[in-house]
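Visitor: Sharing a structure with you now.
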Amino acid sequence: MLVFIRLTAFFLTAPIFSLKTIPSMYKIGLSFFLAIIAYPLVKPHELIHFDWFYVYLILKEVVVGLLIGFIGTLLLSAVQAAGSLIDLVLGLSMANVYDPMTGAQSPLTGNFKFMLTMLFILSVNGHHLLIDGILSSYHVVPLDRMATAIGNGNVSAFLVRALSYMFLSGLLLAAPMVSSMFVVDVALGIVAKTVPQLNIFVVGMPAKILAGFLILIVVFPGYFYVMSRLLDYLFSSMAQLIDLMGAAP
């Protein structure tokens, strides 16, 4: 039961597995069969009795599973942040589409890059690495021991650092487009001053969108390089978080 609870909580927040388009029945079934596979690997130090301490262990497993999955989703939110900045400078921030991860509305460019990121993770077998990470957590964070780092502030400080890295990654992903659009805005401002007869509000918006798409095509090859670096940091952050929660008091 404890193995199953941690896996289920992980699939509620982990990238790819937490998509709203995946039925809950499949998530529970995958957690159940993985729990059967992982059960022989779990070796508690002592017999776990069904008492109030068992209730605490259930709550601990829920928190551990949610945090391990959340750290991956948090870092991948950098793609959404970058898409919001790009849509803001392109003038597409008023048009949103359905986000399959959260079930809410997301920017066009952010949703497009998010789908590419999901395909990139699947192409490099990132979903296998996610499952391997949650299964290896049973060796570092035992079932019969409380995770003391959750209450002493170490995990909170680590999540704050991961959040700051997410915003930094989002700015780096959007930096080429934002800087290029600034140059385009300066050029349109010069045209508006030199040619007053030209209605810059009518010409400027299509020109910015066209220039933005052309620049996006040019800088697009470097996007997957940045994403590979971001995925490396994602998996290393998951390992660091597991080590923090499994640290001895």
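The values are calculated or read from the model by the stated rules, or taken from the named source; none is laboratory data. Note that the coordinates shown come from a computational prediction; the quantities given were computed from them, not determined experimentally. Positions of Cβ are generated from backbone atoms using ideal geometry, with glycine treated the same way; all protein chains shown enter the neighbour counts.
Visitor: Restricting attention to region 46-58, and to residues there that are of a type in the set (A, V, I, L, M, F, W, C) and farther than 18 Å from residue 134 by Cβ, which single residue is surrounded by the most Cβ atoms within 10 Å (Cβ to Cβ)?
Guide: 48
Visitor: Anything in region 191-249 that is exposed (fewer than 10 other Cβ atoms within 10 Å of the Cβ) and small (Gly, Ala, Ser)? List them, or say none.
Guide: 248
Visitor: Could you list, in sequence order, the residues of region 52-79 that are free of Cβ contacts under 8 Å to residues at least 40 places away in the same chain and touching a helix residue (DSSP H, G or I) at 6+ places or on another chain (Cβ under 9 Å)?
Guide: 54
Visitor: Going through 97, 89 one at a time, which residue ends up being modelled with pLDDT under 80, part of a helix (DSSP H, G or I) and out of contact with any Gly (no Cβ under 7 Å at 6 or more places or on another chain)?
Guide: 89
Visitor: If you don't mind, another one. What do you reckon, is residue 20 surrounded by fewer than 18 Cβ atoms within 10 Å (Cβ to Cβ) and of a type in the set (Lys, Arg)?
Guide: Spelling it out, residue 20 is indeed surrounded by fewer than 18 Cβ atoms within 10 Å (Cβ to Cβ) and of a type in the set (Lys, Arg).
Visitor: Out of the helices (runs of 4 or more DSSP H) lying entirely within region 124-228, which hold 2 or more residues that are within 19 Å of residue 112 (Cβ to Cβ)?
Guide: Output list reads 154-194, 200-219.
Visitor: With respect to residue 119, is the statement that it is modelled with pLDDT of 70 or more, over 30 Å from residue 41 (Cα atoms) and outside any helix (DSSP H, G or I) true?
Guide: It is false that residue 119 is modelled with pLDDT of 70 or more, over 30 Å from residue 41 (Cα atoms) and outside any helix (DSSP H, G or I).
Visitor: If you don't mind, another one. Assuming residue 199 fulfils every condition listed in (1) modelled with pLDDT under 80; (2) within 26 Å of the chain's Cα centre (by Cα); (3) of a type outside the set (Phe, Trp, Tyr) apart from one, which condition is it?
Guide: Of (1) modelled with pLDDT under 80; (2) within 26 Å of the chain's Cα centre (by Cα); (3) of a type outside the set (Phe, Trp, Tyr), only one is false for residue 199: (2).
Visitor: Yes or no: region 229-245 includes at least one residue that is in contact with a Lys or Arg (Cβ under 9 Å, 6 or more places away or on another chain) and closer than 19 Å to residue 116 by Cβ.
Guide: No; the residues of region 229-245 include none that is in contact with a Lys or Arg (Cβ under 9 Å, 6 or more places away or on another chain) and closer than 19 Å to residue 116 by Cβ.
Visitor: I need a count of the residues in region 170-181 that are more than 15 Å from residue 79 (Cβ to Cβ) and without any contact (Cβ under 8 Å) to a residue 60 or more places away in the chain.
Guide: Qualifying residue count, region 170-181: 2.
Visitor: Of the conditions (1) modelled with pLDDT under 80; (2) within 25 Å of residue 232 (Cβ to Cβ), residue 68 satisfies every one except a single condition; which number is it?
Guide: (1)
Visitor: Take the conditions touching a residue at least 24 places away in the same chain (Cβ under 8 Å), more than 21 Å from the chain's Cα centre (by Cα) and either part of a helix (DSSP H, G or I) or more than 23 Å from residue 56 (Cα to Cα) (or both) and apply them to residue 9. Does it pass?
Guide: no
Visitor: Quick check: is even one residue across region 25-45 surrounded by 11 or more Cβ atoms within 10 Å (Cβ to Cβ), free of Cβ contacts under 8 Å to residues at least 12 places away in the same chain and either touching a strand residue (DSSP E or B) at 6+ places or on another chain (Cβ under 8 Å) or among the hydroxyl-bearing types (Ser, Thr, Tyr) (or both)?
Guide: Scanning region 25-45 turns up at least one residue that is surrounded by 11 or more Cβ atoms within 10 Å (Cβ to Cβ), free of Cβ contacts under 8 Å to residues at least 12 places away in the same chain and either touching a strand residue (DSSP E or B) at 6+ places or on another chain (Cβ under 8 Å) or among the hydroxyl-bearing types (Ser, Thr, Tyr) (or both).
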